[in-house]
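Peer 1: Submitted below is the structure of interest, expressed as C-alpha cells.
The values are calculated or read from the model by the stated rules, or taken from the named source; none is laboratory data. The structure displayed is predicted, hence computed values, not measured ones. Backbone-built Cβ (ideal geometry, glycine too); neighbour counts: all protein chains shown. Please note that ligands, DNA and RNA were not included when accessible areas were found on the heavy atoms of the full protein model with its side chains. Shrake-Rupley method; radii C 1.70, N 1.55, O 1.52, S 1.80 Å.
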Amino acid sequence: MGFGRMKFDEDELKGQKPNISKTMLIRISSYFKPYWKQTLLVMVILSISSFLGILPPLLIQRIIDRALPNKDFHLLLLLVLASLGTTVVSGLIGVLQTYLNSYISQNIVYDMKNQMYQHLQQMPLQFYSSVKQGEVITRMTSDISGIQGVFSSTVVNFASNLFILVTTGVTLFIMNWKLALLGIIVVPLFILPTRKMGNVRWKLAKQTQEKVSEQNQIIQETLSISGYMLMKLFTKEAQEFKGFRTINAESTRLQIRESMAGRWFMMTLTTFTSIGPMLIYLYGGYLFIQGDLTVGSIIAFVALLGRLYGPVGQMTNLYVDIRRSIALFERIFDYFDMEPLIVDQPQAVAMNTIGKDITFEQVSFAYQKDKPALSNITFTAAAGTMTALVGPSGAGKTTITHLIPRMYEIEAGQIRIGGIDIRNYTLESLRSQIGLVTQDTYLFNGTIKENLLYARSEATDQDIIEACKAAYIHDFIVELPEGYDTIVGNRGIKLSGGEKQRISIARVLLKNPAIIIMDEATSSLDTISEFYIQQAMYQLLQNKTSIVIAHRLSTIMAADKILVVQHGAIAEEGSHEQLLEKRGVYKDLYDKQFERKVFA
Ligand code: ADP
C-alpha cells in the first residue's frame, strides 16, 4: 500500500468486520514460527492434561463400583493414591505450561515491538504530522501487548478445549453410547444463546471502546497545556465538562449493559447445562433399576459430561475471541503495510562532499495533491556561501529546507549537491553531511552533555567545551548547578528559546557537517541573547554551504545571496543592495519590516 492511500482513520478501522482470510492467517502464523518447538510442546502438554482430566471420574467409578462393594481397602487406597497422583502431575504440568505460554507470547510481543519500532523509524515525516496524537504510542504499547493474549488465551484455549472435547467425548461413547447421545442432545440448546450473547457482547464492547476513546480525546484536548489555556481563555469549562459528562454517562451505561449481558448469558447457560445431567440421572437411573448400569458409571458419566459442556460453551465464544484477535493483528499490520517512501536507491553512493554546492532545478512539491507548496524552484547555493531565504510566513521557506535532507520527496525537478541528484546518495551519508538548527530545538530528557553527544558519540569533553564556547553557551552552562550534567528536556530545567538554540548550534558544530540549514529564531530576543546567537551563527556558518531562513536584518545583510520566497515560488534573487534597487517584493518587505528589524 502506498503512502498516499494510507488509512489513518481509527474509526474507519473499528467499523470494519475483521476479515479472516487465508493470507491473514498465514501472516499471523509467521510470528509463531520461530517458537514452533515450544508451541508443539504446549500442544503435547495440553493433550496429556486432557487425558489426565478424564482419570479422576474413572477412578471414582472404580471406587464406587469395586472397592466399596467388595470392602477392598487395598484397592481403595490404591485408587485414592492414583487420584492424588493425577492431581499432582496435572499441577506440575500446569506450571510448565504457564511458563511456555508466557515465554511464547512475550517473545512474539518482543519481536513485533522491535519490528514496529524499526518500521516507524523509516516512516516519512509526513506520517507523523498526519497521524492522530498518541496513536503511535497506542499501537506500540496496548495493541501489540494485546497480542500476547492471543496466544495465551485464544490459541491455548482452542487447543485445550479441542483436546478435552475429543478425549471426553470418545470416553463417554466408549462407556455407553446411548447415554452419551442423550448428554450431547442438549448441546445445541446452549450453543445458540452463547453465539447470540457473544455477538451482543462484541457489539457492546466495541461501542464502549469507541466511547472510551472519545473520552480520552476530550481529556487529551482539554487537559494538556495548550488545550487547557484555550479552554480557560475562552471560558469553555462548563461546555467542555458537559461534553465530557455526556460521554462519560454513555460509556457507564454501556458498561453496565455489557456486564448484564454476561449475567443473562450465564443464567441461560447454567439452566441448559443442568438439563443434561438430569437426563442422565433419569435414563441412567432407569438402566440401573433394570440392572444394566452401575452407580459408579452414572456418577462418572455426569462428572465427565460436566467436563464436556464447559469447553463447548467456550468454543462457541471462541469465534468472538478470534475476531477480536484478528482485528488486533489487522490494526498492527495496517501500520506494517505503510511503505516507507524515502529509501536508498539500489545504486546509491556515499556522499563525501566538502564544499560542494546545492542546486534546485525546477523543483515542485505538494503536501497534498493539487495543493502545490512549491513550484518550479530554481536556484544555486554556491559552495561555502550563505543563502538567505526571506518571505512572508507560509511562503514555503521551511519546506525548501526540509527537501534537502529528503524529509519529503519532491514531485518534479531535481535537487543536486555537488552536481549529483541527492536521490543518488545514500540517505545516511546525505544526512550526516547536513546540520539542522531549527527554531524550536528539541532537547531530549537527559543531561546537556548527553544531548551534545547525540551529534557525535565519540566527542571528548574538550571537543564539547570548544563547541559550546564557539556557540557562546559555555559560560551559561558552567553557571548551572550541575554544569554539563544538568538535566534538560521535559523533566529537566527549562531553558529559553535562545539558550536552546545555542545548544543546538553547539550540537551541529560537534557534528561538523558540510551543509548547514538554519531557521533563525523569530521570537524576540533581548539584545544580549541576540548578540550571542549572531556570534554563534557566525562561528557555525564559517566556510560552510548554508541556507538560512532569515528573520533578522543583520543576517540578511551578511548573506551572499538572498532568495525572496512568495507563494511557493522564488520571486526575487540577489544581494541586499541589488534587491533594494529593484524596488519589488523585497523592497516592500524591507520597508514594512525594517522598523522591527525582523522579517516574517
Ligand atoms: P514558511 O516556512 O515560509 O512559513 P512553510 O514551508 O512552513 O512556510 O509552509 C508552506 C506551505 O505548506 C504552507 O501553506 C503550509 O500551510 C503548508 N505546510 C507546511 N507543512 C505542512 C505539512 N506538514 N502538511 C501539509 N501542509 C504543510
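Peer 1: Go through L52, L46, L41 for me and flag whichever is touching a helix residue (DSSP H, G or I) at 6+ places or on another chain (Cβ under 7 Å), without any contact (Cβ under 8 Å) to a residue 60 or more places away in the chain and either under 17 Å from S152 (Cβ atoms) or surrounded by fewer than 16 Cβ atoms within 10 Å (Cβ to Cβ) (or both). Outline the logic, then answer.
Peer 2: On the way: L52 fails: either under 17 Å from S152 (Cβ atoms) or surrounded by fewer than 16 Cβ atoms within 10 Å (Cβ to Cβ) (or both); L46 fails: without any contact (Cβ under 8 Å) to a residue 60 or more places away in the chain.
From the options L52, L46, L41, the qualifying one is L41.
Peer 1: Kindly list, by first and then second residue, each pair from a residue in the stretch 449-466 that is more than 17 Å from V478 (Cα to Cα) to a residue that is acidic (D, E) and modelled with pLDDT of 90 or more, limited to pairs with Cβ atoms under 9 Å and residues at least 6 apart or on different chains.
Peer 2: R456/D463
Peer 1: Exactly one condition in (1) within 16 Å of the ligand (Cβ to nearest atom); (2) buried (at least 17 other Cβ atoms within 10 Å of the Cβ); (3) of a type in the set (A, V, I, L, M) is false for L430; which is it?
Peer 2: (1)
Peer 1: Can you pull out the residues in the stretch 288-309 that are free of Cβ contacts under 8 Å to residues at least 60 places away in the same chain and either within 21 Å of I275 (Cβ to Cβ) or in a helix (DSSP H, G or I) (or both)?
Peer 2: Let us first name the residues in the stretch 288-309 that are free of Cβ contacts under 8 Å to residues at least 60 places away in the same chain, namely 288-292, 298, 302, 306.
F288, I289, Q290, I298, V302, G306, listed by residue number.
Peer 1: What number of residues within the stretch 231-253 are of a type in the set (D, E, K, R) and farther than 18 Å from V212 by Cβ?
Peer 2: Restricting attention to the stretch 231-253, the residues satisfying the condition of being of a type in the set (D, E, K, R) are 232, 236-237, 240, 242, 245, 250, 253.
Next, from what is left, pick out any that are farther than 18 Å from V212 by Cβ: 232, 236-237, 242.
Within the stretch 231-253, residues that are of a type in the set (D, E, K, R) and farther than 18 Å from V212 by Cβ number 4.
Peer 1: Only one residue in M315, M278 is in a helix (DSSP H, G or I) and under 30 Å from Y31 (Cα atoms). Which one? First the steps, then the outcome.
Peer 2: On the way: M278 fails: under 30 Å from Y31 (Cα atoms).
Being in a helix (DSSP H, G or I) and under 30 Å from Y31 (Cα atoms) holds for just one of M315, M278, which is M315.
Peer 1: Can you pull out every residue in the stretch 533-575 that is buried (at least 22 other Cβ atoms within 10 Å of the Cβ) and polar (S, T, N, Q)?
Peer 2: Matches in the stretch 533-575: T545, S546, T555.
Peer 1: On the basis of being away from the ligand (no atom under 16 Å from the Cβ) and either closer than 24 Å to S496 by Cα or in contact with a Cys (Cβ under 8 Å, 6 or more places away or on another chain) (or both), does S529 make the cut?
Peer 2: yes
Peer 1: Considering each of I404, I422, I410 in turn, give the residue that is open to solvent by 10 Å² or more (accessible area, probe 1.4 Å), in contact with a helix residue (DSSP H, G or I) (Cβ under 9 Å, 6 or more places away or on another chain) and of a type in the set (A, V, I, L, M, F, W, C).
Peer 2: So the residue among I404, I422, I410 that is open to solvent by 10 Å² or more (accessible area, probe 1.4 Å), in contact with a helix residue (DSSP H, G or I) (Cβ under 9 Å, 6 or more places away or on another chain) and of a type in the set (A, V, I, L, M, F, W, C) is I410.
Peer 1: Can you tell me which residue among V150, V166, V155, V131 is among the β-branched types (V, I, T) and within 16 Å of the ligand (Cβ to nearest atom)?
Peer 2: When all the criteria are applied, what remains is V131.
Peer 1: Do we have any residue at all in the stretch 434-444 that's closer than 23 Å to A571 by Cα, within 16 Å of the ligand (Cβ to nearest atom), out of contact with any Gly (no Cβ under 9 Å at 6 or more places or on another chain) and open to solvent by 10 Å² or more (accessible area, probe 1.4 Å)?
Peer 2: Taking the stretch 434-444 first, the residues closer than 23 Å to A571 by Cα are none.
Taking every residue of the stretch 434-444 in turn, none turns out to be closer than 23 Å to A571 by Cα, within 16 Å of the ligand (Cβ to nearest atom), out of contact with any Gly (no Cβ under 9 Å at 6 or more places or on another chain) and open to solvent by 10 Å² or more (accessible area, probe 1.4 Å).
Peer 1: Condition first: modelled with pLDDT of 90 or more and in a helix (DSSP H, G or I). Now tell me which residues in the stretch 467-491 satisfy that.
Peer 2: Passing the criteria: A467, C468, K469, H474, D475, F476, I477, V478, E479, G483, Y484, D485.
Peer 1: Related question: What single numbered condition from (1) under 15 Å from the mean Cα position of the chain (by Cα); (2) open to solvent by 70 Å² or more (accessible area, probe 1.4 Å) fails to hold for G146?
Peer 2: Of (1) under 15 Å from the mean Cα position of the chain (by Cα); (2) open to solvent by 70 Å² or more (accessible area, probe 1.4 Å), only one is false for G146: (2).
Peer 1: Does the stretch 217-248 hold any residues that are without any contact (Cβ under 8 Å) to a residue 12 or more places away in the chain and touching a Lys or Arg at 6+ places or on another chain (Cβ under 9 Å), and which are they?
Peer 2: Of everything in the stretch 217-248, those that are without any contact (Cβ under 8 Å) to a residue 12 or more places away in the chain and touching a Lys or Arg at 6+ places or on another chain (Cβ under 9 Å) turn out to be Q217, L230.
Peer 1: A further question follows. Can you give me the number of residues within the stretch 104-137 that are over 20 Å from F329 (Cβ atoms), open to solvent by 20 Å² or more (accessible area, probe 1.4 Å) and not aliphatic (A, V, I, L, M)?
Peer 2: Matching residues across the stretch 104-137 total 9.
Peer 1: Considering only residues of the stretch 341-370 that are farther than 28 Å from L120 by Cβ and among the hydroxyl-bearing types (S, T, Y), which is nearest to the ligand (Cβ to nearest atom)?
Peer 2: Residue satisfying both the conditions and the ranking: S364.
Peer 1: Any idea how many residues of the stretch 181-216 are surrounded by 15 or more Cβ atoms within 10 Å (Cβ to Cβ) and at pLDDT below 75?
Peer 2: 4
Peer 1: Provide a single number: the residues in the stretch 477-496 that are open to solvent by 60 Å² or more (accessible area, probe 1.4 Å) and among the aromatic types (F, W, Y).
Peer 2: 0
Peer 1: A further question follows. Quick one: is Q97 surrounded by 14 or more Cβ atoms within 10 Å (Cβ to Cβ), over 12 Å from the mean Cα position of the chain (by Cα) and in a helix (DSSP H, G or I)?
Peer 2: yes
Peer 1: If the requirement is being in contact with a Phe, Trp or Tyr (Cβ under 9 Å, 6 or more places away or on another chain), more than 9 Å from the ligand (Cβ to nearest atom) and at positive phi, which of these qualifies: G419, G413? Steps first, please.
Peer 2: Details: G419 fails: in contact with a Phe, Trp or Tyr (Cβ under 9 Å, 6 or more places away or on another chain).
One residue alone meets the criteria, G413.
Peer 1: Among the residues of the stretch 358-370, what is the count of those that are within 18 Å of G574 (Cα to Cα) and surrounded by fewer than 18 Cβ atoms within 10 Å (Cβ to Cβ)?
Peer 2: 1
Peer 1: Something else: Across the stretch 108-128, what is the total count of residues that are within 15 Å of the ligand (Cβ to nearest atom) and part of a helix (DSSP H, G or I)?
Peer 2: 4
Peer 1: Scan the stretch 399-410 residue by residue and report those that are within 9 Å of the ligand (Cβ to nearest atom) and under 28 Å from the mean Cα position of the chain (by Cα).
Peer 2: Hits for the stretch 399-410 are T399, H402, Y408.
So that you can scan it fast, the table gives a plain yes or no per residue for (1) among the hydrophobic types (A, V, I, L, M, F, W, C); (2) more than 13 Å from the ligand (Cβ to nearest atom); (3) surrounded by fewer than 19 Cβ atoms within 10 Å (Cβ to Cβ); (4) outside the structural domain of G568 (by TED's automatic domain parsing):
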site: G313; (1), (2), (3), (4): no, yes, no, yes
site: P372; (1), (2), (3), (4): no, no, yes, no
site: N376; (1), (2), (3), (4): no, yes, yes, no
site: A383; (1), (2), (3), (4): yes, yes, yes, no
site: M386; (1), (2), (3), (4): yes, yes, no, no
site: S393; (1), (2), (3), (4): no, no, yes, no
site: G396; (1), (2), (3), (4): no, no, no, no
